[in-house]
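See structure below.
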Amino acid sequence: MTRSDGPTPPPRPRVEITPMRPDRPPDRSGMVPLVIVAWVLVIALVAVTAIVIAFHLDPVRDVLATDLTSDRPDATPEDVSRTVGLALIIGAAVAAVVVVLSIVGALRLLDSRRSARTLLSAATLLLVVGAIGFYLTTAPSRSALAEAGIATVVQYAVPLAAVLAVIAASITAVPAFSRTLR
């Protein structure tokens, strides 16, 4: 394009856009599938435990109330009922948050995002605290819970899930694993 009243402008420079940092290789650590499988197992263990307890809620409530009453004979029935109800609600909330954090974290890990490590670490921390609370709440009632329909295997599922989560979250902190995240 020429202008009629003056010299022609110089040609436009060639513009090329390049990324500021090099692309990460698409190769994933061989541990990514193992970590994802571990988190799927964690999700399954926590969810199955919550579902089994929900299906046997009244017998579980009765067993926990009976054990609490025997430990604290001076507690009123209302206090016992409120305490057991609160423990069950807190347990259900912890399980729900752990499952959601684990699902989102595993999906982020599939996408090789660094935020997966944060989400899965938060889920691990919450699960370990929840597993300790679950174990301390149910340990005195193991045989009675088994009679109420909660199999012994299910009673150990949450602590097992916590151990598995700690191992899986620890693997994501290894430098070789971190290099595959963006």
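Observations on the structure shown:
- Working note: Karplus 6.51/-1.76/1.60 with θ = phi - 60° gives the stretch 108-114 the couplings 5, 5, 4, 8, 6, 9, 5 Hz, where Gly and Pro are set to x.
- Rolling a 1.4 Å probe over the heavy atoms of the protein chains gives the stretch 36-182 an accessible area of 53 Å² per residue.
- Rounded percent of accessible protein surface that carbon and sulfur make up, the chain, 1.4 Å probe: 68
- Karplus-based coupling profile of the stretch 153-165, in residue order and whole Hz: 4, 5, 5, 9, 5, 5, x, 5, 4, 5, 5, 4, 5, with θ = phi - 60° in 6.51 cos²θ - 1.76 cosθ + 1.60 and x standing for Gly or Pro.
- Per-residue extension of 0.36 nm, minus the Cα-Cα distance of Arg142 and Leu57, leaves a gain of 29.1 nm for this segment.
- Axis of helix 32-55 versus longest Cα principal axis of the chain: the two differ by about 40°, to the nearest ten degrees.
- Calculated FRET efficiency for the pair Val174/Val153, C-beta based, R₀ 35 Å, to 0.05: 0.65
- Using just its DSSP H runs of length 4 or more, each adding -39500 (n - 2.57), the chain gives a mean residue ellipticity at 222 nm of -23000 deg cm²/dmol after division by all residues.
- Per-peptide average of other Cβ atoms within 10 Å, ordering 135-141, 8-14 highest first: 135-141, 8-14
- Taking every alpha-carbon pair under 8 Å whose residues sit at least 6 apart, the stretch 89-182 reaches a relative contact order of 32 percent.
- Linear extension gain, Ser112 paired with Met31, 0.36 nm per residue minus alpha-carbon span: 27.9 nm
The values are calculated or read from the model by the stated rules, or taken from the named source; none is laboratory data. The structure presented is a predicted model; accordingly, all values stated were derived computationally and were not measured. A quick note on method: Cβ atoms are made from the backbone with ideal geometry, for glycine too, and the neighbour counts reach across all protein chains shown. Just the protein is used for accessible areas: all its heavy atoms, side chains included, with ligands, DNA and RNA removed. Shrake-Rupley method; radii C 1.70, N 1.55, O 1.52, S 1.80 Å.
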